[in-house]
Amino acid sequence: MGSVGGSELDRAMRCLPSGFFVMTSAHDGKRAGLRLRSVQACADDPLLISVAARKGHRIDPLIRDSRCFAVCVMAPGDKLIDRAFPHEKGVARSSGNINGVYNAEAPEDDPFDALNYSTLKTGAPVLDRAIAVFDCEVVRRIDLEADHELFVGQVLSFRCVDDINTILNASA
């Protein structure tokens with residue numbers, strides 16, 4: 001785990017313009033995750049990232065009550081994560097869907113039961129197979145008056161694999 005700053009952070013931040021992201025949160029013994037389409041850095045001091053997430057997903061109350069979330073940057077083409085965390089409801093998946101639409105998972109499903117994960121500062125679950133992780137405290141939640149809302153999180157801790165450029169370049 002790194003402190004905010006340095007070359008490890010620079011490697012991790014290069015993942016944010018585009019990628020394969022999973023947002024996670026936990027509260028009161030419950031965990032949830034959500035595939036994301038949009039994550040970006042939005043401030044340097046303090047380090048803030050913004051996440052656009054579809055409204056109404058079951059992660060919403062966990063983020064609201066815990067006031068934290070993590071963003072896990074996954075290696076492109078990770079089939080296990082693709083199955084465990086399908087795209088948001090109504091968004092086409094790469095495989096295993098019917099007519100390009102994801103059917104909402106059953107409330108009792110917990111994808112973390114089949115995945116190795118740990119926690120950093122906030123207690124949000126972070127996937128061990130992630131190539132970079134940003135562990136955040138919510139500083140703003142903005143209703144966009146659209147189908148998504150915006151979460152802004154202050155990065156409290158992070159981690160990044162050493163060979164992230166090799167992983168990302170292999171998928172390009």
How many nm separate the modelled label positions at R140 and S38, each set 7 Å beyond the Cα in the direction of the Cβ? 1.4
Among 33-39, 130-136, what's the highest-first ranking by average C-beta atoms within 10 angstrom per residue? 130-136, 33-39
The set of residues whose placed amide H lies less than 5 Å from the amide H of K121, leaving out same-chain residues fewer than 5 positions away, is none
Amide H of H148: which non-local residues (sequence gap of 5 or more, or other chain) have their own amide H closer than 5 Å, using H built in the peptide plane? K55
Amide H of S157: which non-local residues (sequence gap of 5 or more, or other chain) have their own amide H closer than 5 Å, using H built in the peptide plane? D135
Quick check: net charge around C68, other residues with Cβ under 15 Å of its Cβ, Lys/Arg +1 and Asp/Glu -1? +2
How much length is gained on full extension from S118 to L150, taking 0.36 nm per residue of separation minus their Cα-Cα distance? 9.0 nm
Neighbouring Cβ atoms within 10 Å as the yardstick, rank M23, M13, M74 fewest first. M13, M74, M23
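None of the figures in this text is laboratory data; all of them are computed from the coordinates on show. Only a predicted model underlies this, so the values are computations on that prediction, with no experimental measurement involved. When we count neighbours, we look across all protein chains shown, and the Cβ atoms used for this are built from the backbone with ideal geometry, even at glycine.
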